[in-house]
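Report on the structure given below.
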Amino acid sequence: MQACYKDLYYRKASGKYFFPEPELSNTTLDPSSDEGIASTNISLVWGETLPNLILAKSDEEFDTLYNEFLAKRDELGYEKVTAAVQVKVDANKVKLGLSN
């Protein structure tokens with residue numbers, strides 16, 4: 001019986017098995033592309049937002065900050081970023097023989 005690629009890469013970490021996802025490798029976007037620039041800008045906004053979320057004094061403040069982030073993320077081009085990454089994931093799946 002041929003082993004599944006995941007069977008070959010089990011790793012014991014902190015008492016739990018880790019399942020690598022090689023189809024997610026090499027999905028970094030070109031930083032000079034529109035999608036790469038959008039991804040960088042989204043990461044920067046997230047870096048500013050996360051500490052504020054952690055330090056939020058109430059659930060309402062947290063929700064407000066998080067919803068503001070989601071709106072800003074969408075405004076910066078989140079859909080085109082996820083679409084560009086999905087193209088890379090799909091190509092990786094084909095290379096690995098994991099496509100349907």
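The values are calculated or read from the model by the stated rules, or taken from the named source; none is laboratory data. A quick note: this is a predicted structure, and the numbers were derived from the prediction, not measured. Virtual Cβ from ideal backbone geometry, glycine too; neighbours counted across all protein chains shown.
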* Any chance Asp34 is at pLDDT 95 or above and over 15 Å from the mean Cα position of the chain (by Cα) -> yes
* To do: Could you run through the range 37-57 and say how many residues are part of a helix (DSSP H, G or I) and free of Cβ contacts under 8 Å to residues at least 24 places away in the same chain?
  => 12
